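Take a look at the structure below.
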Amino acid sequence: MAQTSTTGNLENAQRIILSSARYTEEHNAPALALIEQFSLPSGAKTVTVPKVGQMSMSDLQDGIDIVDEEDIGMTTIDLTASEVGAKVILTDKLVRQSADNVFSIIGRQLGDGMARKKDKDVIALYTGLNGGTNLGADGRNFNAANVHAIVSNAKANKFGSQLYIVHHPNAVATLSKEAATTAGNNAEITSGWSADLLSNFYSGLRPINGVPIFEDGNIEKTGSVDSGYGVIADKTALAALTSVETRTERQRDASLRATEIVMTADYGVFELDDSKGAPIQFEIGDLATS
């Protein structure tokens, strides 16, 4: 009878942990939410994504056959997934106490960990875009003039029609100090992006030339300098492939008098089109508070 009770409590604990973890993970990875999403079909090992080139139109003359032939210029990239995960040990004593708030905390910790892992995986791809050539430089500030410059560069080089910028909150704060670029407190996220997933990371700044700006605290300083790499890119520049969404399994350890809750996910993130984005390097050091 006691084991049945414990098992029931374990079911409850697992549900609370998983529910909290999934919500936290989903709503704390802005870099992941800004890129293309693919799912790996059941039984498949890879997903092959095609990319095509541009075609050109020619002036025609009445009665003269069209002689110019255009190439599709198709290339492909194979996407694969790999597993990540963590485990937490719930002792029988903790489970018997039915501390729902503790289970929620555990779920939040696991969800934060999964979100941080996925977010950093995407951020690590930024420096590979644009052939590794970054816009901006160490010592440069994320101010209105520099942001206008990177936006114009992206548009002139045809990065795409759904552009976005992501950088560290300290970099974005430099821009927000310039009153001319700042919107009101109730500024809504630009249409075309998920307000549910990204509203907490939308800077609230008025989009510059139509390009919204998002904040991501997982962007880190580069080496010993105070600058870091964000990105300006089209949604199609990077992609995420999901094989298995976050899931949990449990295993009983009698001698430990505890149960292991194992949480895993199977996914991968990739560069889809190098020409659709570029890393942007700006200062992200802490702003003076006095």
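Might you check whether a residue that is in a strand (DSSP E or B) and among the basic types (Lys, Arg) occurs anywhere in segment 223-245? No; the residues of segment 223-245 include none that is in a strand (DSSP E or B) and among the basic types (Lys, Arg).
Val95 meets each of the listed conditions (1) open to solvent by less than 30 Å² (accessible area, probe 1.4 Å); (2) of a type outside the set (Gly, Ala, Ser); (3) part of a strand (DSSP E or B) apart from (3). The selection criterion, being farther than 19 Å from Glu36 by Cβ, open to solvent by 30 Å² or more (accessible area, probe 1.4 Å), at pLDDT below 90 and of a type in the set (Gly, Ala, Ser), does not hold for Ser194.
For beta carbons closer than 7 Å, sequence separation of 6+ or different chains, a first residue in segment 30-46 that is over 13 Å from Asp266 (Cβ atoms) and a second that is part of a helix (DSSP H, G or I) and open to solvent by 30 Å² or more (accessible area, probe 1.4 Å), the qualifying pairs are Pro30/Phe201; Ala33/Leu197; Leu34/Lys235; Ile35/Lys235; Glu36/Lys235; Glu36/Thr236. For segment 157-173, does any single residue satisfy the condition of being modelled with pLDDT of 90 or more, basic (Lys, Arg) and surrounded by 13 or more Cβ atoms within 10 Å (Cβ to Cβ)? No, because not a single residue in segment 157-173 is modelled with pLDDT of 90 or more, basic (Lys, Arg) and surrounded by 13 or more Cβ atoms within 10 Å (Cβ to Cβ). Within segment 200-214, the set of residues being under 18 Å from Ala173 (Cβ atoms) and open to solvent by 50 Å² or more (accessible area, probe 1.4 Å) comprises Asn200, Arg206. Restricting attention to segment 114-131, the residues that are surrounded by fewer than 17 Cβ atoms within 10 Å (Cβ to Cβ) and either within 17 Å of Met263 (Cβ to Cβ) or touching a strand residue (DSSP E or B) at 6+ places or on another chain (Cβ under 8 Å) (or both) total 3.
Applying the criterion of being open to solvent by 70 Å² or more (accessible area, probe 1.4 Å) and either touching a residue at least 60 places away in the same chain (Cβ under 8 Å) or not aliphatic (A, V, I, L, M) (or both) to the residues of segment 247-268, the residue that is nearest to Ser19 (Cα to Cα) is Arg247. Can Leu34 be described as out of contact with any Gly (no Cβ under 6 Å at 6 or more places or on another chain), farther than 22 Å from Tyr202 by Cβ and crowded, with 19+ Cβ neighbours inside 10 Å? For Leu34, the condition - out of contact with any Gly (no Cβ under 6 Å at 6 or more places or on another chain), farther than 22 Å from Tyr202 by Cβ and crowded, with 19+ Cβ neighbours inside 10 Å - is not met. Looking only at residues in segment 1-42 that are under 26 Å from the mean Cα position of the chain (by Cα) and among the small types (Gly, Ala, Ser), the one that is modelled with the lowest pLDDT is Ser42.
All of (1) open to solvent by 50 Å² or more (accessible area, probe 1.4 Å); (2) more than 24 Å from Asp286 (Cα to Cα); (3) among the small types (Gly, Ala, Ser) hold for Ala240 with one exception: (1).
In segment 55-74, is there at least one residue being at pLDDT below 75, surrounded by fewer than 10 Cβ atoms within 10 Å (Cβ to Cβ) and within 29 Å of Val122 (Cα to Cα)? The answer is yes; a qualifying residue exists. Considering only residues of segment 272-290 that are among the aliphatic types (A, V, I, L, M) and either under 17 Å from the mean Cα position of the chain (by Cα) or open to solvent by 50 Å² or more (accessible area, probe 1.4 Å) (or both), which is nearest to Ala156 (Cα to Cα)? Among those that are among the aliphatic types (A, V, I, L, M) and either under 17 Å from the mean Cα position of the chain (by Cα) or open to solvent by 50 Å² or more (accessible area, probe 1.4 Å) (or both), it is Ala278.
The values are calculated or read from the model by the stated rules, or taken from the named source; none is laboratory data. Remember, it's a predicted structure, so these values are computed and weren't measured experimentally. With ideal geometry, Cβ positions are generated from the backbone for all residues, glycine too; neighbour counts draw on all protein chains shown. We work out accessible area using only protein heavy atoms, side chains counted, and drop any ligands, DNA or RNA first. Shrake-Rupley method; radii C 1.70, N 1.55, O 1.52, S 1.80 Å.
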